[in-house]
Amino acid sequence: MLKRLLYLLLVMPMACVDPYEVKVPEGEQLLTVEGIISTGPGPHAITLTRSATYGSIFEGLIRPVSLATVVVRDNEGNVTFLTEGTEAKGTYFTPANFRAEVGKSYTLQILTAEGNVYTSTPERVAAAPNIQSLEVRTVTIQVEGSTFPKSGVQLIVELKDPADQNNFYYWRNGPAVYILETSPELYTPRPSPQNPNRTPQPKDCCSICFRYEAGNNQSLFVVNDDNFNGLSTRIPASFIQDDGFRFVNKFRMDLKQYSISQEAYRFLRLVKQQAEISGSIFDPPPATIRGNMISLNNPDEVVLGYFMAGGETSKRIYIDKNDLTFRQVKAIVPDDCRVVSGAFIDPPADWRP
C-alpha cells in the first residue's frame with residue numbers, strides 16, 4: 001500500500017499540463033464612409049465612423065471620426081468643402097445650395113486629424129426618372145412564439161424606365177412627419193414626498209402634435225432595369241414599420257429615388273444579400289465588403305462603406321390610417337404630446353393632406 005502511494009506521488013507531477021495562453025490581437029479600427037450626394041436639394045451628408053473588428057475590447061462600438069477635412073471634387077476641378085455638424089459629430093454636410101450635376105463625376109477626399117488621407121474612385125451622376133405614382137400595401141410578418149404579427153406599410157413605385165441606358169435604382173425613406181396622439185388626461189407623476197401614492201394629475205394640454213422623423217431605412221431597396229428596360233414597371237421601394245404611433249392618424253413621407261452607378265449598385269446588392277443571410281449552417285460566413293474608398297497612406301488598409309453620387313427624384317405621400325388593412329394596437333403615452341422627442345403643436349407650413 002505504501003509503495004503504491006509513493007508511486008502515485010511520483011507520477012502526479014508528470015501528469016500536470018501547463019496552461020496554454022491564447023493571445024488574441026486587438027482588432028483594427030476600420031474607417032467606414034457612408035453617404036450620397038445627389039441632384040436633389042442639399043445639404044447632403046457624409047458620415048465617417050470607426051468600428052473595431054473581432055478581438056478588440058471595444059468590439060461593436062462605433063465611434064464618430066471628428067475634426068476631419070472632407071471635400072467633394074468634380075471632374076472639372078471644382079472643390080466643395082463639407083462642414084462637420086455641431087451636434088452630429090462625424091457627419092459632414094455640403095452647403096445647402098450644393099447639388100450634383102448630371103453627367104459630372106465626383107470624388108470624395110478625406111484628411112483625418114491624424115494626417116491620414118483617403119479618396120474614393122470617381123462616381124458619375126446619371127439622371128433619375130420621375131416617380132409616376134406610389135401605392136400603399138399593408139405587410140404583416142409573423143413572429144415566432146407570438147400570436148401578434150409585426151406589420152407596416154410597403155410602398156410600390158410606378159416608374160417609366162428610360163430605354164437608352166442601363167439604369168440602377170436605389171430608394172431611401174426621406175424625412176417624415178405624422179400626427180401623434182397622446183393621453184394627457186392619464187398623466188400620473190412619479191412618486192415624490194408631495195405625492196407618495198402617485199395620485200393622477202390630468203393635464204389640460206395637449207393630446208395632438210406633429211412629430212418629425214429623419215429618414216428611417218430598415219431595409220435596402222435596389223434593382224437594375226435588366227427585366228424592364230424602356231418599360232413602365234411597379235417595384236417595391238420602401239417599408240415603414242408600424243410602431244403603434246405612425247399610423248394612428250395620418251403619416252407623411254418623401255420617398256427618394258436615386259439613379260446610381262453600376263458599382264454602387266453591386267456594393268448595395270452585396271450588403272443586402274449579407275444582411276438577409278438566414279443564419280443556418282449552410283450560409284456563407286459574413287465577409288468584409290470593400291467599397292470605393294482607398295487609403296493613400298496604406299493601399300492595403302481596409303476601408304468600409306461607399307461614397308455614392310446620383311440623380312435624385314422624390315415623391316411625397318400622405319398615408320391615412322384607413323389605407324391600412326391591419327394596424328398595430330395604438331401605443332399609449334399618458335402625458336402631454338409635447339414631451340415626446342421631435343413633437344410640436346404647430347403643423348408644418350406645407351402640411352396639405
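What to note about this one:
- R0 of 35 Å, Cβ-Cβ distance Thr86-Asn116: FRET efficiency to nearest 0.05: 0.90
- Mean projection of the Cα convex hull over all viewing directions, computed for the chain: 32.2 nm².
- Ordering Trp351, Trp171 from the fewest to the most neighbouring beta carbons within 10 Å gives Trp351, Trp171.
- Highest to lowest packing among 296-306, 100-110, scored as the average C-beta count within 10 Å: 100-110, 296-306
- Our helix-only sum for the chain, with -39,500 (n - 2.57) per DSSP H run of n ≥ 4 divided by its residues, gives a mean residue ellipticity at 222 nm of -2500 deg cm²/dmol.
- Ranking of Thr199, Thr121, Thr91, Thr182 by count of other Cβ atoms within 10 Å, fewest first: Thr199, Thr121, Thr91, Thr182
- Gyration tensor (alpha-carbon) shape descriptor, the range 196-269, a/c threshold 1.5: prolate
- Percent of Cα pairs exceeding the 26 Å cut-off, where the set is the range 142-275: 47
- Additional length obtainable on full extension of the chain from Ile294 to Glu135, 0.36 nm per residue less Cα span: 53.2 nm
- Global geometry of the range 83-178, whether rounded, prolate or oblate, following the gyration tensor of its Cα atoms and the 1.5 cut on a/c: oblate
- For Leu159, Leu111, order by how many other beta-carbon atoms lie within 10 Å, fewest first: Leu111, Leu159
Only the coordinates and a few stated rules stand behind these numbers; no lab work does. Everything numeric in this text was worked out from a predicted model, so none of it was measured. Backbone-built Cβ (ideal geometry, glycine too); neighbour counts: all protein chains shown.
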